[in-house]
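Novice: Below is a structure I'd like to ask you about.
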Amino acid sequence: MATPVPVLRLPRGPDPHSRGFDPNSPRYIALCRTSIASSSCACADPEELKREQRARAELRERFLRCLLATRDKKVSLNMHGDVTVDATFGCCDIDVLNLQVSDLHTPIGVQKEALIRCQDVVSYSFDL
């Protein structure tokens with residue numbers, strides 16, 4: 001029998017209709033403002049655009065590698081109200097607004113699977 005290969009799965013896949021990939025969408029403009037003038041100017045220098053695209057691609061790759069490295073690791077989340085919960089990290093959504101965790105140990109019991117809003121998390125630490 002073949003050995004299973006770990007797969008990094010995001011809770012929701014990219015949707016080209018307003019998931020932030022269209023640079024002209026209000027959501028993209030609100031969440032992904034750039035400090036580089038080249039991406040907002042149609043008459044920009046092609047070399048500057050290439051450098052910006054390379055930098056963004058490198059940042060995306062680093063982000064995905066971080067997600068992959070933390071998958072299935074124990075995480076301790078300090079929540080508002082001085083509550084600390086322990087879980088196994090799964091992934092986060094594309095906007096890093098929600099965390100998907102497994103075996104969430106809360107003061108009132110254990111949840112097999114859960115989504116945690118990042119707004120409710122004060123700090124977190126991984127057991128790497």
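What follows draws every value from the coordinates through simple rules; no lab data is involved. Computed from a predicted structure; not experimentally measured.
Novice: Which lysines, if any, have their Cα less than 19 Å from the Cα of residue 112, not counting same-chain residues under 8 positions apart?
Specialist: Counting by Cα, and skipping residues close in sequence, residue 112 has these lysines nearby: 73, 74.
Novice: I'd like the Karplus ³J(HN,Hα) series for region 118-128: coefficients 6.51, -1.76, 1.60, θ = phi - 60°, whole numbers in Hz, and an x wherever there's a Gly or Pro.
Specialist: Here the 3J(HN,Hα) series is 5, 5, 8, 9, 7, 7, 8, 8, 9, 9, 8 Hz.
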